[in-house]
1. Against the longest alpha carbon principal axis of the chain, how many degrees, from 0 to 90 and to the nearest 10, is the axis of helix 127-137 turned?
2. What ranking of Met58, Met243, Met1 comes out by heavy-atom accessible area, probe 1.4 Å, highest first?
3. Would you work out the charge dipole size for region 180-280 about its Cα centre, treating the Cβ of every Lys and Arg as +1 and the Cβ of every Asp and Glu as -1, and quote it to the nearest 20 debye?
4. Could you order the peptides 256-262, 269-275 from most to least packed, using the average number of other C-beta atoms within 10 Å per residue?
5. Where does each of 112-125, 59-72 land if you order them by average Cβ count within 10 Å, highest first?
6. Any chance you could give the angle, 0 to 90 degrees and rounded to 10, that helix 202-221 forms with the longest Cα principal axis of the chain?
7. May I ask you to give the solvent-accessible area per residue for the chain, in square angstrom, as obtained with a 1.4 angstrom probe?
8. Can you work out ³J(HN,Hα) from phi for every residue in region 77-89, in order, using Karplus 6.51 cos²θ - 1.76 cosθ + 1.60 and θ = phi - 60°, giving whole Hz and x for Gly and Pro?
Amino acid sequence: MGKATAVANANIAFVKYWGRIDDALNLPANPSLSMNLAALTTTTTVEFRSGLPADVAMIGDQPATGQSLARVVEHLDRVRSMVGIEERAWMASRNDFPAGTGLASSSSAFAALSLAAASSAGLDLGESALSRLARLGSGSACRSVPAGFALWEGDGDESSFARQLVPPEYWDLQDIIAVVSYQHKAVGSYNGHALARSSPFYTARLGAVPGLLASVRMGLEGRDLLSMGPAVEADALAIHGVMLTSQPSLLYWLPGTVAVLRAVHAWRQEGLSVYFTLDAGPNVHCICEKASAATLEERLGNLPGVQDVIVSGPGGGARLVEYHLF
Ligand code: PMV
């Protein structure tokens with residue numbers, strides 16, 4: 001057994017996962033499609049050590065506690081049982097972006113943790129097995145395992161993982177993220193999925209997914225934002241419709257969120273090709289082609305309520321790196 005450090009990028013879904021058919025196995029109610037984000041990175045080191053009485057997990061500069069620690073320990077248990085070892089582990093993880101704000105930190109976190117833990121325990125998993133393992137930690141993490149643009153489908157434990165549709169170099173699509181809040185959200189997506197079914201719109205949104213997915217795939221394959229963008233926006237609004245009408249209601253939007261959504265619509269009217277999407281949080285991802293990225297970055301930065309703008313192109317897959325966090 002050794003010490004391993006892995007890096008993974010967060011991903012933004014163009015057709016999203018919202019609601020599960022199996023809570024324990026993180027099996028999604030619908031297929032989803034995403035792009036890894038080169039600018040949003042988690043780096044995680046794991047070392048299984050004999051003689052350690054319990055797992056120790058550092059997230060940023062803080063020891064993990066409560067549900068965060070429980071999820072890390074549960075994930076390390078999965079790796080321990082795959083290999084047949086009892087040793088506890090040291091784990092340290094660092095994001096280069098704020099966690100819990102809808103910037104999909106659990107996707108990069110569990111992709112990096114899966115690869116670092118498996119490698120430290122001497123397991124050489126192929127891409128689909130690694131994606132399956134990451135899925136068990138956090139559903140969307142399975143899409144951060146392959147590089148570039150990924151499709152997550154399958155309805156059983158064995159068949160549910162993400163695979164690459166096209167590599168990052170295929171299309172230099174840009175995600176210009178308007179950060180309107182750095183606050184930790186009250187209800188994370190892990191718990192949010194469990195509420196989805198309580199919305200009267202849940203089934204209607206699932207019914208719309210095949211059509212939206214077909215448009216997004218066609219747009220992606222043809223590098224055609226005009227055929228993809230409207231479906232990306234429609235799905236984001238549909239899942240937020242489900243969130244808003246869940247019991248209890250999940251309202252992630254802030255005044256700054258609405259200001260960005262309205263601005264995107266106005267800029268599109270003026271001829272700028274840009275479409276928004278949002279995860280379970282207030283920050284807005286504005287999807288555009290490279291040629292519009294600088295204009296959008298500047299315009300978003302000037303909007304009231306926007307605290308920061310992060311620009312990201314397509315990212316790579318989960319990968320091992322040489323250095324260690326401890
Ligand atoms: O992987 P989770 O449990 O954090 O769920 C992710 C949910 C969304 O970010 C809202 C959508 C998605 O597909 O990424």
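1. Once rounded, one gets 90 degrees.
2. Listed by decreasing accessible area, they come as Met1, Met58, Met243.
3. Computed about the Cα centre, the dipole is about 200 debye.
4. For the peptides 256-262, 269-275, the packing ranking is 256-262, 269-275.
5. 112-125, 59-72
6. 90 degrees
7. On a per-residue basis, the chain sits at 40 Å².
8. 4, 4, 5, 4, 6, 5, 8, x, 10, 10, 4, 7, 10
The values are calculated or read from the model by the stated rules, or taken from the named source; none is laboratory data. Owing to the predicted nature of the structure, the values given are computational and were not obtained by experimental measurement. Cβ: placed from backbone, ideal geometry, glycine included. Neighbour counts: every protein chain shown. Surface accessibility is based on the protein's heavy atoms, side chains included, excluding ligands, DNA and RNA. Shrake-Rupley method; radii C 1.70, N 1.55, O 1.52, S 1.80 Å.
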